[in-house]
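Notes follow the structure.
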Amino acid sequence: MPLTESHSVELGKRIDYNASILFGSMKMKNNLLRMPHGTESLYLEETYRHKKILRHMEDLTESWGYLPVQTPVFDYYDNYRPLLESRLEEQTYKLIDRDGDMMMLRSDITLFLARQMGLALTEEDMPMRVYYADSILRYQDHEDISNHESFQTGCELIGCPGIEGDLEIIFLLAEVLETYKLPQSRIHVGSTALFQAIATPFPAEDSRRLNKKLHTREKDAIRQILQNVYKKEDAEELTRLLLFIGTGEEFCARSREWRTLLDGALESSLDYLLQINKGWKDLGAFADKFRIDLSETGDLPYYSGIVFNAYTDGCGTALASGGRYDGLLENFGYSGSKPASSVGFSLFLRKLEKLSGLDMGKPASLHSENENTLTAAERFIKAAALRKQTGVQ
């Protein structure tokens, strides 16, 4: 039968239809094989190690009297917007719910926890010691798409103002670094209050620019910004101050020269860091883990006092970070007459897992080669024996 024009059109439609099914099937298969950028899955022994290390962290923090808390995965964006500096706001995943409200996924556990505590905490509850362990989601720069999703664990001490609260949190972090048998690690302690005293005369934009240059330790740029406000010789000395990193003893020696800068405006912040150094020295432990680092100024707008980062060999970025954030809970409904002064730290657990020398053993299923030949009854008996051996009820 001759092929008419209508037959050709119909044949073309069938070819297009079959092609669309074929390519649609291929696309679906490709999508099934793809993983979103920045997410990470854990399997078998890797998951086992993750859970064991997390359990070890929980046992350690509970021995200090800290209790677990759980924050929501998402919340109303408007509750947090005033407290999100521009970089964190850009990194925050947002979505619209069915009622048309803007929601945000958890990008900062401390903020979500502050709202939770601000609504529920009373003066009688304080001081309150809590710890958390959960995922955060942040949209990273195009140059770093490896970790949109990160697992954080951390501790917060609420309602304990001043030096004792700061020292407790720093000592707890130092013990965490020690107990996980990490490579050489140090805690760098700085002061948001010190930076703010220096940056007071600057417009907000110049203050942010100075802080950014401090994080990358660009000496010439820092000096140039300071010279816009201060005399040349003062700008030179302030540059040396802001870029100082050293031991407590080195800081004690240099701080004498800095006390008279800016008509004594830095004196109280310098004295406070000297108290932190004395507390660490009096403890008599972890002496090699402590550094004063005045370029540590905190990258979150709610920090109000000391700030610190923990660094370890083999990790190009901070393993943990924290600081004091007095006044944050008052943004979320806390109205007691006693301030909810707070200090805490968060730790990136997956970074720690890759560097920890702590032996977490192997899953019970890997203890013997004939594991898969056991009967159900034999498996029951073996599991009971293992629980008795390890003290698990």
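Each reported figure results from applying straightforward, stated rules to the coordinates on display, with no laboratory input. These numbers come from a predicted model, not from an experiment.
Observations on the model:
- Rounded, prolate or oblate (a/c below 1.5 giving rounded, otherwise prolate when a/b exceeds b/c) for region 202-303 by Cα gyration tensor: prolate
- Cα shape, region 93-215, gyration tensor, a/c 1.5 rule: rounded
- Three-way shape call for region 163-251 based on the alpha-carbon gyration tensor, with the a/c threshold at 1.5: prolate
- Applying a threshold of 19 Å to the alpha-carbon distances of Lys289/Lys362; Lys51/Lys181; Lys213/Lys351 flags Lys289/Lys362; Lys213/Lys351 as lying beyond it.
- Hits among aspartates and glutamates - C-alpha to C-alpha of Lys338 under 13 Å, sequence gap 8 or more where chains match: Glu123, Glu124, Asp125, Asp326, Glu330
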